[in-house]
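Data first, discussion second: the structure below is written as structure tokens.
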Amino acid sequence: MALLLCRWVRGGRVVCPLTVEELSLSPQTAQPSQRRLLRVVSSLASLLRHWTVRQLDLTELCAPAQGLIPLLLHDGPLTVKLSEEILQQLLLLLHELQDRDLTWSSLSKIGGDLTSS
């Protein structure tokens with residue numbers, strides 16, 4: 001669905017600015033390929049350039065943490081919900097990269113709450 005929405009926006013079929021309070025993504029297949037997941041994330045990043053999404057729920061999406069970086073660097077008012085497993089991967093990645101801007105942006109997107117980690 002994310003791919004379809006992105007095509008509509010890019011194709012000019014949806015031209016009005018739109019604000020979405022919450023957008024949840026659930027894979028249609030049990031184990032989509034990593035390539036497919038990265039394509040969905042890329043499409044979401046493109047969609048976020050046109051639409052304002054307040055909360056993005058990715059708890060059911062098993063995309064690799066490094067593939068989520070375009071979403072975590074998004075400038076808009078976005079909060080991202082991640083599964084515990086992906087959140088752990090993201091924290092490990094941030095620790096390894098030691099990039100202050102990426103860490104700051106990521107923590108602001110996930111709400112800065114690391115109590116469960």
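As a test of reading the structure, rank 99, 57, 75 by solvent-accessible area (1.4 Å probe, protein chains only), most first.
Details: 99 70, 57 25, 75 150 Å².
Order by accessible area, largest first: 75, 99, 57.
Count neighbours as other Cβ atoms within 10 Å of each site's Cβ, and list the GluC sites (Glu not before Pro) in region 19-117 that are DSSP loop with at most 15 such neighbours. Walk me through the intermediate numbers first.
Numbers: sites: 21, 22, 60, 84, 85, 96; in loops: 60.
Filter output for region 19-117: 60.
Please give the FRET efficiency for residue 36 paired with residue 73, using the beta carbon to beta carbon distance and R0 = 25 Å, rounded to the nearest 0.05.
Values: r = 22 Å, r/R0 = 0.87.
For residue 36 and residue 73, the calculated efficiency is 0.70.
The values are calculated or read from the model by the stated rules, or taken from the named source; none is laboratory data. A quick note: this is a predicted structure, and the numbers were derived from the prediction, not measured. Every residue, glycine as well, gets a Cβ built from its backbone with ideal geometry; the counts of neighbours run over all protein chains shown. Heavy atoms of the whole protein, side chains included, go into the accessibility calculation; ligands, DNA and RNA do not. Shrake-Rupley method; radii C 1.70, N 1.55, O 1.52, S 1.80 Å.
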